[in-house]
Structure formats: C-alpha cells, structure tokens
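The values are calculated or read from the model by the stated rules, or taken from the named source; none is laboratory data. Just so it is clear, the model here is predicted, and its values are computed rather than measured. Glycine also receives a Cβ, built like all others from the backbone with ideal geometry; neighbour counts cover every protein chain displayed.
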Amino acid sequence: MLVDGETRELVRYTALQASLLEERNWRLAVLGVEEIGIRPTVVASLIGVDPAAEWELAAGRVDAVAAEIDDPQLFVSLENVRVQDETDLRELGGRYEELGVDLSERSDQLFDELRAVAGDLPNGAALLRTARVLEAAAATRTSTAIQLSSYFSARFSGPDTARDEATVLVQQQVVYDGAIKQINRSVRPNSNVAAQMLVVEQSAEIARFEEGVAQLIVDIQASAAVGTAEGFANIAGDLDGVARQFEAGKVSSGVHLDLVTAAGTDVIVSSQMLTSRANDATRQATATIAVLSVLSVAFAIALTRFIGQPLYRLSETASLLRDGVHRDNEVFSGPSEIREAASALNEASSHLRLAERQANALARGDLDAAVLAETARGDLGVSLQAAVQTLAASLAEREEFRRRLAHEASHDGLTHLPNRKACLAQLEAGLVRTDQRRSTLAVIFIDLDGFKIVNDQFGHPAGDLVLETTSARLLAGVREGDHVGRLGGDEFVVIAEPVASLDEAERLAARLLEAIGEPISLGKATVRVGASIGIAMADESHAEADALLRDADLAVYRAKSNGRNQVVVCDEELRSLVVHQNELEVELRLAIENDELTLFYQPIVDPNSGALVGLEALIRWFRPDGTLVSPDAFIPFAERSDLIVEIDCWVVARVARQLDAWRRGGAGALLPVSINISGRHLSVDDFVVDVMSPLEQYGVDPTLIIIEVTERALLDDLGGAATKLQTLRDNGVRIAIDDFGTGYTSLAHLRTLPIDILKLDQSFTRDDSTQSLVKLIIDTGHLLGVSITSEGIETADQARALSELGSDDLQGYYYGRPSPPEDVVFGANELADEVSS
Ligand code: C2E
Ligand code: MG
Ligand code: MG
C-alpha cells in the first residue's frame with residue numbers, strides 16, 4: 001500500500017534526522033571536550049555522562065534506522081560524514097547539517113507525497129493530521145538536539161561562539177514552542193503522541209534543561225553585556241550546572257525521540273486505518289458491485305415479471321382481441337403505462353364483448369334483448385349503440401317485411417286464411433300429431449254452390465263479401481283447435497283435429513253447411529249460397545296430406561254430382577272409384593300408344609239456311625274389348641296430369657291430318673273444325689306451338705281451326721291465356737269460349753278476351769226461363785262482334801227458339817250426333833237427311 005509505505009519511510013527519515021543530530025551532537029561534544037584538553041573519561045567522571053559512549057549509542061541508532069531505509073546512497077553519505085576530518089568541528093558540524101538537510105528534503109518530499117495521496121483518500125485528513133504531528137514532534141526533537149549542542153558549544157567555547165549559540169538557542173526555543181503548540185493543536189486524544197506528550201510535559205529533566213538553556217541565554221547575554229572573558233569563564237566553569245544540564249539534555253533528547261517514535265506510530269496506525277478503510281471501501285465497493293449485480297439481475301427478472309410478462313400478456317391479449325377472442329376483464333400488473341394500456345385493452349375487449357353479445361342478439365332476432373340497450377363508455381360506445389339501434393330498427397323492419405311476406409305467401413289476401421300450401425303443411429303437421437296421439441282428424445272440403453252466379457250478377461266486390469262472410473262463419477263455426485283455410489276460388493277447408501268419430505265430423509260439417517247457407521246482405525240485395533262439402537277421415541291408409549285432401553275433393557265432386565248443397569263422406573266406394581280412375585289414367589296412356597283413341601265430328605249448322613258451317617271434333621276411346629268411353633269419363637282424369645296435353649296435341653294433329661285427308665279427298669270447300677283444348681294445356685308455354693306445328697305439318701289453313709276453351713281455363717290465367725290465344729288469332733285461328741254461362745265470366749269480360757265465338761251452354765238451350773238472359777248474352781256478344789253458337793239443340797223448337805233469340809249457329813243432336821270422319825257429309829241436304837232420320 002502506497003500510503004503505508006510512504007508513511008513508514010517518512011517516520012524512518014524523521015527518526016534518522018533526529019538520531020543523526022544526536023550522533024552529531026555527541027560526536028561534536030566528544031571532539032569539543034578533547035579540543036579543550038579534557039579527556040572524555042574525565043568528563044564522564046565529572047558529570048556522570050560519557051559523551052563517547054553516547055556518541056556510539058547515537059551512531060548505532062542512526063545505523064539501525066538507516067538500515068530500515070532501502071537507500072544505498074544513504075550509507076555512502078553517512079560514511080562520508082563520519083570519516084570527515086575530525087579536527088575542524090565546524091566543518092564536521094556543517095557536513096552533518098548538509099546530510100540533515102538532505103534527509104529533511106527527502107522527508108519533506110515524502111510528506112508532500114503523503115499529503116497528495118492522503119488528500120485524495122477519504123479520511124486522508126486524519127492521516128495528514130498525524131503526519132503534521134510527526135513533523136512537529138520531529139521539530140521538537142531536532143530543536144532539543146540543537147539546543148543541547150548549542151548549550152555545550154556555548155559553555156565550552158569563547159565569547160563570540162557563546163553569543164552565536166545564545167542566538168541559536170533563542171531561535172530554537174521559538175521553534176520548540178511552535179512545534180509543541182502544533183502538536184497540541186493536532187494531537188488526537190488517546191493517540192501515542194498524546195500519551196508521550198504527557199511524559200514530555202511532566203518530565204522534570206526537560207523542565208530543568210529548558211531552565212538551564214534559559215539561564216545560559218541570560219548568562220551569555222549578561223556576559224556579553226559585561227563583555228569579559230571571566231564572565232564566560234564562569235559560564236564554562238560551572239561544571240555542576242553543565243553536568244546537570246547534560247543529564248537533563250540527554251533525558252530530554254530521549255523523551256523527544258520517543259515523541260517522534262510515538263508520532264511515527266500514530267502516522268502508521270492512521271495510515272493502516274486508512275488502508276483498511278480503503279480496503280473496507282474496496283470490499284464495500286466490491287460488495288456494492290456484487291449487490292448491484294445481484295440487484296440488476298433481480299431487477300432484470302423483476303423487469304421481466306413486472307414489465308415483460310405484463311407486456312407479453314398485453315400483446316397476447318391484443319392479438320387474441322384481433323382474432324376476435326376476448327377474455328374476461330384481465331387483471332394486469334406492472335408499470336402504470338402497462339396498466340393503462342391494459343385497461344384500454346380491457347375496455348376495448350369489453351366493447352367487443354358487448355358488440356358480440358349485441359350481434360348475437362341481433363343474429364337471433366331477439367330485438368327485445370336487454371343487451372341491445374347497453375351502451376359502452378366513450379365515443380365508441382355511442383357509435384356502437386347508434387349502429388345497434390339502426391341495425392335493430394332495420395332488422396325489425398326486415399322482420400316485419402319478412403313476416404308480411406311469409407304471411408302473404410301462406411295466407412289468402414282476401415280472407416287472411418291460410419292458403420292451400422299452408423293448409424297442406426298444417427294438415428301434414430296434424431297427421432303427425434294424431435299419429436302420435438293415436439287420435440284422428442277430418443278434412444272437411446267446402447266448395448260453394450252458386451258463388452259464380454253471385455259474382456256474375458253482383459260483381460266481384462259482392463263475391464268478395466260472400467267469401468269473407470263465409471270465412472268468418474267457418475271460423476265461428478269450428479271448434480277450438482280446428483283450422484280453417486281457403487284453397488282458392490270458392491273452395492275452403494276445415495281441418496278438424498282431433499275428431500272422435502266420423503259422426504262428429506259429419507255433425508260439424510252439417511253445422512258449417514247451415515251457417516254458410518244463412519242469407520248474406522249485399523246492401524240492397526240479399527243472397528244465399530250453398531256448399532258442396534266432402535269429408536275425408538284420416539286413417540292409416542291415408543297418411544299423406546295430399547291424398548287426404550284429394551279424397552275430400554272427390555267427395556265434394558260427388559256432392560255436386562249428387563245435387564249440391566250436401567255433405568258427402570269419402571268412403572271406400574268413392575276411394576275405389578278413385579282407384580279405378582287412377583287405373584284409368586294408366587290405361588289412357590296406353591290407349592294413346594295403342595291408338596285406341598279416335599275423333600268423332602259433330603256438325604254445326606246455320607239455323608237460317610240449315611247449311612253445315614263447321615264441325616266439332618270430340619274424342620272417343622274405343623277400348624280393346626269394344627266398349628266406347630265418352631270424354632266425360634276420362635278427360636277430367638286426363639286433366640289431373642299432363643296427360644291431357646298429350647291428348648290435346650294428339651287431337652290437333654289428328655284434326656290437321658283429317659283436314660288434309662279431306663282436302664286430298666276433294667271434299668269440296670273444307671269446313672272449319674272446332675278443337676277442345678283443356679285449360680291445363682292453355683297454361684303450357686308451348687301451347688301455341690303445339691297448335692300451330694301440326695297445322696304447318698299438314699299444311700292446314702289456320703282459319704279452318706277453331707280452338708274451344710272453357711271460361712274457367714281462361715280465368716285461371718287470364719293474362720297468359722289471352723296472350724297465347726291472341727297469338728293464335730294473329731295466325732288466323734279462331735277462338736271460341738265453350739260452355740259459356742256455366743262459369744264465372746261476366747259479359748264485361750268478353751270485351752277484353754280475344755274471342756270470336758261464344759258457345760252457349762246446353763243448359764240455356766233447355767231452360768226456357770233463361771231466355772231473357774240468353775237474349776242479353778247474344779245481344780252483348782253481337783255488340784262486341786262475337787258470333788254465338790248454341791249447344792245441345794235436340795229439337796226443332798229449340799233450334800227455332802235459339803235462332804229467334806239471335807244465335808248465329810246451332811249444334812246438337814237435332815242436327816247431328818258426333819260421328820266418325822268418314823260419316824261426315826259435306827252437304828246440307830245430306831245433313832238434313834240425317835237430322836230427319
Ligand atoms: P263439349 O265441348 O261441350 O262438347 C259437346 C258435348 O255435348 C259432346 O259430348 C256432345 O256429344 C254433346 N252433345 C252435343 N249435342 C248434344 C245434344 O243435343 N244433347 C246432348 N245431351 N249432348 C249433346 P261429348 O262428346 O261426350 O264431350 C263431352 C265433353 O268432353 C265436351 O264437351 C268437351 O268438353 C270434352 N271433350 C270432348 N272431346 C274432347 C277433346 O277432344 N278434347 C278435350 N280436351 N275435351 C273434349
Ligand atoms: Mg266443345
Ligand atoms: Mg260445350
């Protein structure tokens with residue numbers, strides 16, 4: 001340790017200086033005594049002190065201290081001083097002083113270095129203080145040595161020397177006092193110097209030495225003032241005094257040397273303390289660094305836990321949030337920035353959760369959900385709430401629209417009853433239910449009678465009122481849980497579920513029939529409508545809704561054919577009829593393939609001339625067993641499927657072929673042929689092509705073709721049918737409405753229909769009471785440019801009557817039955833012959 005080494009060297013140099021001074025003094029004393037002719041042994045016996053022995057002791061101390069100083073040059077210098085010529089005391093003293101100056105320079109240098117080093121150290125001031133004490137202690141020792149030397153010099157030299165030495169002594173007194181003050185100022189209590197200072201202060205020998213010096217100074221000053229050699233001789237001659245002073249000086253020298261040693265020890269102790277403090281400081285610093293390192297690692301870990309982990313979780317939460325996964329309100333630790341970001345994230349998450357819950361509610365269509373009213377905090381919440389409200393409103397609108405559409409799609413616009421489709425669905429559901437409950441249900445099919453007449457006579461608003469009234473009466477008449485629906489036109493259905501028995505269903509149907517038959521007020525007029533009602537009971541063999549409805553429909557037909565306004569139950573007999581009819585349908589298909597169908601032709605005559613003006617083609621089915629099946633027995637069943645279209649096409653082709661054949665056969669002026677076309681065919685897109693292509697194929701003039709359609713077929717698809725018929729008219733084909741008067745067509749309709757001929761239904765021909773109506777129809781028809789043909793003319797009276805009413809043409813057995821083409825005679829006379837025959 002630098003400080004420690006320098007301190008020790010400083011102590012050694014100080015000790016060396018002090019010892020060297022001692023050596024010098026004793027040597028000079030020995031030499032001085034010898035110079036004045038006194039042997040040292042004499043001196044020793046006189047004053048009890050052997051200067052030569054003291055010199056040797058001092059020289060030994062110098063050597064011992066010098067040996068501790070690692071400076072080869074120092075021994076050289078010492079040797080140089082010691083081998084000096086011993087005759088010149090002054091010269092010798094000067095050499096010692098030179099070496100002393102060298103040593104003190106070195107110790108000053110060491111002191112400066114110590115000050116510099118100690119100044120940089122913490123607690124270095126304490127070291128410097130002890131160093132200053134050492135300096136002062138060294139000064140007391142040096143001063144004491146000088147005083148001792150000067151004292152003897154003054155005692156044993158001449159007056160001049162004595163005066164010089166007195167000056168030196170005075171100076172050294174000042175030096176000594178200053179050094180003692182310095183020590184007292186700087187000494188630490190309990191230090192080695194403090195202890196030694198007590199020795200110095202309490203030393204009687206030191207006090208005596210100081211007194212001796214002081215007395216000598218006084219004596220020299222007095223002698224000098226007297227200026228006599230005797231006086232000086234007195235000074236020198238006081239051997240007792242000199243001896244005492246010698247002894248005191250020797251003790252003083254020793255005590256002050258101990259003071260220097262004590263001061264040196266203090267310096268070393270201080271230096272060691274500083275060193276150990278420095279070491280402590282280093283250890284502390286190391287420990288601090290270690291602690292700091294541990295702390296920094298701990299901090300890094302803490303940072304990771306405190307900042308890193310929350311940050312990681314934050315980013316994880318953020319990415320989850322981005323992916324649409326949001327956790328419940330997460331608790332985040334860490335610095336405030338992270339917690340703020342986390343709370344923002346949590347808020348965003350809760351916004352999203354709210355948005356999600358609201359979206360779910362909206363998606364469920366749960367527009368009354370409480371969550372929709374919730375508003376998240378802040379601007380985002382407000383915008384979100386506004387969006388939710390807008391969305392909810394538009395969803396509500398859409399839902400209402402959807403409900404309306406669904407209602408319209410499943411309900412009848414006029415009566416608001418479920419339509420055919422909805423009724424079938426209801427029936428299906430009911431069948432499942434009754435199947436599960438082992439109960440049964442009844443389908444009550446209601447077809448109004450006389451409705452068409454009301455419609456024709458009183459107009460559509462009246463017809464609508466009849467339908468609405470019927471609907472209300474049915475609803476009022478059914479039992480709770482029964483379903484009422486409108487199948488279309490004047491057809492209604494009641495699904496009675498459950499029913500205990502057929503009787504119960506029949507009683508219900510009877511009640512409904514009665515209710516329907518109640519008068520309906522149309523304002524000025526009151527009308528009554530009846531109903532043909534068919535009942536079909538669900539049982540194991542009728543698991544299908546379609547089949548059940550068809551059975552009930554079948555019963556309605558039966559009710560109508562039985563005379564209307566009655567209830568008919570679809571029983572086994574009726575069903576077997578259906579089975580039979582289904583078989584018929586199959587057979588009919590085969591009939592077309594097997595060419596079992598043929599066409600008969602019935603004449604149409606001009607009543608005024610009796611001339612044949614046209615023919616109606618009427619289909620006939622000759623079965624392989626030879627029996628003839630009339631169209632009424634199979635056309636309605638053919639109309640239940642597209643089979644009728646096939647039949648119609650076959651008929652058109654056959655007529656075209658026949659006309660071609662007649663033309664080829666030279667049958668004079670060819671007559672127009674009326675062809676019956678089913679309403680079902682009329683609704684087929686290819687209808688016009690189906691008619692025109694056979695004509696083209698056989699090169700038949702379209703003006704020779706009259707297409708007969710029923711009123712009902714026309715009204716089912718008024719727009720579409722009219723367009724197709726008009727297309728045919730544009731091609732030269734004429735259009736006739738068959739069986740006019742039995743359907744729903746009002747006369748007003750005639751204006752808008754593309755027709756050329758009205759064929760009055762047979763019923764008008766036979767019923768005299770309708771003459772005025774027939775007259776009205778004929779006149780209106782004529783007004784509209786339509787020609788009238790009356791059907792079912794069986795007698796001359798009828799022919800006459802209808803002719804007089806204005807009918808343009810007549811048709812009926814009176815003029816001729818339908819007959820095979822080969823029997824058709826193109827001549828009025830022959831026709832008349834047939835009629836008469
Ligand atoms: P429609 O078109 O009104 O035909 C007239 C029906 O009245 C024919 O019955 C005819 O034989 C019958 N008739 C004619 N004059 C008299 C008479 O003086 N007294 C009586 N009682 N009846 C008379 P038909 O041939 O049995 O046809 C019945 C219905 O079948 C036809 O009524 C027509 O609607 C339909 N029909 C006949 N042939 C065809 C056809 O080729 N295609 C289609 N789609 N339907 C046809
Ligand atoms: Mg006809
Ligand atoms: Mg007819």
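Of the conditions (1) of a type outside the set (Asp, Glu); (2) surrounded by 23 or more Cβ atoms within 10 Å (Cβ to Cβ); (3) under 20 Å from Ser803 (Cβ atoms); (4) away from ligand 1 (no atom under 15 Å from the Cβ), Leu773 fails just one. Which one is it?
So the condition that Leu773 fails would be (2).
Would you mind stating whether Leu20 is in contact with a Gly (Cβ under 7 Å, 6 or more places away or on another chain), under 17 Å from Gly254 (Cα atoms) and modelled with pLDDT of 80 or more?
yes
Do the conditions hold for Val651, that is, is it closer than 22 Å to Gln811 by Cβ, surrounded by 17 or more Cβ atoms within 10 Å (Cβ to Cβ) and either within 10 Å of ligand 1 (Cβ to nearest atom) or more than 60 Å from the chain's Cα centre (by Cα) (or both)? Let's see the steps before the verdict.
Working: closer than 22 Å to Gln811 by Cβ: yes; surrounded by 17 or more Cβ atoms within 10 Å (Cβ to Cβ): yes; either within 10 Å of ligand 1 (Cβ to nearest atom) or more than 60 Å from the chain's Cα centre (by Cα) (or both): yes.
Yes.
Here's the yes/no breakdown for (1) among the polar types (S, T, N, Q); (2) at pLDDT below 90:
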residue	(1), (2)
Thr526	yes, no
Ala536	no, no
Ser541	yes, yes
Glu544	no, yes
Ala547	no, yes
Asp551	no, yes
Lys560	no, yes
Val569	no, no
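Any idea which of Ala53, Ala58, Ala138 is more than 60 Å from the chain's Cα centre (by Cα), surrounded by fewer than 19 Cβ atoms within 10 Å (Cβ to Cβ) and within 28 Å of Ala29 (Cα to Cα)?
Checking each option against the conditions leaves just Ala53.
Looking at Leu695, Leu659, Leu725, which is the one that is surrounded by 17 or more Cβ atoms within 10 Å (Cβ to Cβ), closer than 17 Å to Asp756 by Cα and not small (Gly, Ala, Ser)?
Working: Leu695 fails: closer than 17 Å to Asp756 by Cα; Leu659 fails: closer than 17 Å to Asp756 by Cα.
The match here is Leu725.
Each row is one residue, and each column tells you yes or no for (1) touching a residue at least 40 places away in the same chain (Cβ under 8 Å); (2) away from ligand 3 (no atom under 16 Å from the Cβ).
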residue: Glu585; (1), (2): yes, yes
residue: Arg657; (1), (2): yes, yes
residue: Gly666; (1), (2): no, yes
residue: Ile677; (1), (2): no, no
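Inside segment 409-449, can you point out the residues that are more than 46 Å from the chain's Cα centre (by Cα), basic (Lys, Arg) and more than 17 Å from Leu467 (Cβ to Cβ)?
Arg437, Arg438
Can you find even one residue in segment 802-810 that is assigned to a helix (DSSP H, G or I), touching a Phe, Trp or Tyr at 6+ places or on another chain (Cβ under 6 Å) and either acidic (Asp, Glu) or modelled with pLDDT of 85 or more (or both)?
No, segment 802-810 contains no residue that is assigned to a helix (DSSP H, G or I), touching a Phe, Trp or Tyr at 6+ places or on another chain (Cβ under 6 Å) and either acidic (Asp, Glu) or modelled with pLDDT of 85 or more (or both).
Looking at Arg575, Arg640, which is the one that is free of Cβ contacts under 8 Å to residues at least 40 places away in the same chain and either surrounded by fewer than 19 Cβ atoms within 10 Å (Cβ to Cβ) or within 16 Å of ligand 3 (Cβ to nearest atom) (or both)?
Of the residues listed, the single one that is free of Cβ contacts under 8 Å to residues at least 40 places away in the same chain and either surrounded by fewer than 19 Cβ atoms within 10 Å (Cβ to Cβ) or within 16 Å of ligand 3 (Cβ to nearest atom) (or both) is Arg575.
Of the residues Ser641, Ser683, Ser630, Ser693, only one is out of contact with any Pro (no Cβ under 9 Å at 6 or more places or on another chain), within 16 Å of ligand 2 (Cβ to nearest atom) and of a type outside the set (Asp, Glu); which?
Criteria check complete, one pass: Ser630.
Just to be sure, is Thr440 polar (S, T, N, Q), in contact with a strand residue (DSSP E or B) (Cβ under 8 Å, 6 or more places away or on another chain), in a loop (DSSP other than H, G, I, E, B) and crowded, with 19+ Cβ neighbours inside 10 Å?
yes
Which is within 16 Å of ligand 2 (Cβ to nearest atom), in a helix (DSSP H, G or I), modelled with pLDDT of 95 or more and within 30 Å of Ala547 (Cα to Cα), of Ile647, Ile619, Ile635? So that I can check it myself, show each step before the final result.
Numbers: Ile619 fails: in a helix (DSSP H, G or I); Ile635 fails: modelled with pLDDT of 95 or more.
Among Ile647, Ile619, Ile635, only Ile647 is within 16 Å of ligand 2 (Cβ to nearest atom), in a helix (DSSP H, G or I), modelled with pLDDT of 95 or more and within 30 Å of Ala547 (Cα to Cα).
Which one of these is within 30 Å of Arg657 (Cα to Cα) and either of a type outside the set (Lys, Arg) or away from ligand 2 (no atom under 16 Å from the Cβ) (or both): Asp767, Asp738?
Testing whether each residue is within 30 Å of Arg657 (Cα to Cα) and either of a type outside the set (Lys, Arg) or away from ligand 2 (no atom under 16 Å from the Cβ) (or both) leaves just Asp738.
Which of the residues belonging to segment 746-768 are closer than 30 Å to Asp701 by Cα and either more than 13 Å from ligand 1 (Cβ to nearest atom) or modelled with pLDDT under 75 (or both)?
Answer for segment 746-768, where residues must be closer than 30 Å to Asp701 by Cα and either more than 13 Å from ligand 1 (Cβ to nearest atom) or modelled with pLDDT under 75 (or both): His749, Leu750, Arg751, Thr752, Leu753, Pro754, Ile755, Asp756.
Within segment 781-811, take every residue that is hydroxyl-bearing (Ser, Thr, Tyr), out of contact with any Pro (no Cβ under 9 Å at 6 or more places or on another chain) and farther than 14 Å from Asp761 by Cβ and give me the one that is surrounded by the fewest Cβ atoms within 10 Å (Cβ to Cβ).
Thr795
Being crowded, with 18+ Cβ neighbours inside 10 Å and not acidic (Asp, Glu) is the filter here; which residues of segment 443-457 pass it?
Val443, Ile444, Phe445, Ile446, Leu448, Phe451, Lys452, Val454, Asn455
Cβ-Cβ distance below 9 Å, separation of 6 or more or different chains: which pairs start in segment 400-414 with a residue that is without any contact (Cβ under 8 Å) to a residue 24 or more places away in the chain and end on one that is part of a helix (DSSP H, G or I) and charged (D, E, K, R)?
As it stands, the answer is Ala409/Lys421; Ser410/Lys421, since those pairs meet every condition given.
Which condition number does Gly614 fail, the rest of (1) out of contact with any Pro (no Cβ under 7 Å at 6 or more places or on another chain); (2) within 15 Å of ligand 1 (Cβ to nearest atom) being met?
The failed condition is (1).
Before we move on, is Ala713 modelled with pLDDT of 95 or more, closer than 21 Å to Asp690 by Cα, within 11 Å of ligand 1 (Cβ to nearest atom) and crowded, with 21+ Cβ neighbours inside 10 Å?
Details: modelled with pLDDT of 95 or more: no; closer than 21 Å to Asp690 by Cα: yes; within 11 Å of ligand 1 (Cβ to nearest atom): yes; crowded, with 21+ Cβ neighbours inside 10 Å: yes.
Answer is no for this residue.
Just a yes or no: is a residue in segment 594-609 over 17 Å from Pro818 (Cα atoms), touching a residue at least 60 places away in the same chain (Cβ under 8 Å) and within 16 Å of ligand 1 (Cβ to nearest atom)?
Yes, segment 594-609 has at least one match.
Take the conditions surrounded by fewer than 13 Cβ atoms within 10 Å (Cβ to Cβ) and within 21 Å of the chain's Cα centre (by Cα) and apply them to Ala373. Does it pass?
For Ala373, the condition - surrounded by fewer than 13 Cβ atoms within 10 Å (Cβ to Cβ) and within 21 Å of the chain's Cα centre (by Cα) - is met.
Given the structure, is Leu584 more than 23 Å from Asp730 (Cα to Cα), modelled with pLDDT under 90 and not in a loop (DSSP other than H, G, I, E, B)?
Answer is yes for this residue.
Have a look at Gly563, Gly534 and point out the one that is surrounded by 15 or more Cβ atoms within 10 Å (Cβ to Cβ) and either assigned to a helix (DSSP H, G or I) or out of contact with any Pro (no Cβ under 9 Å at 6 or more places or on another chain) (or both). Let's see the steps before the verdict.
On the way: Gly563 fails: surrounded by 15 or more Cβ atoms within 10 Å (Cβ to Cβ).
Just a single option satisfies the conditions, and that option is Gly534.
Got at least one residue in segment 778-800 being within 16 Å of ligand 2 (Cβ to nearest atom) and at positive phi?
yes
Can you pull out the residues in segment 352-399 that are under 30 Å from His416 (Cβ atoms), touching a residue at least 24 places away in the same chain (Cβ under 8 Å) and not in a helix (DSSP H, G or I)?
Within segment 352-399, Gly365, Leu367 meet the criteria.
Among residues belonging to segment 774-820 that are among the acidic types (Asp, Glu) and more than 16 Å from ligand 3 (Cβ to nearest atom), point out the one that is farthest from Pro603 (Cα to Cα).
It comes out as Asp779.
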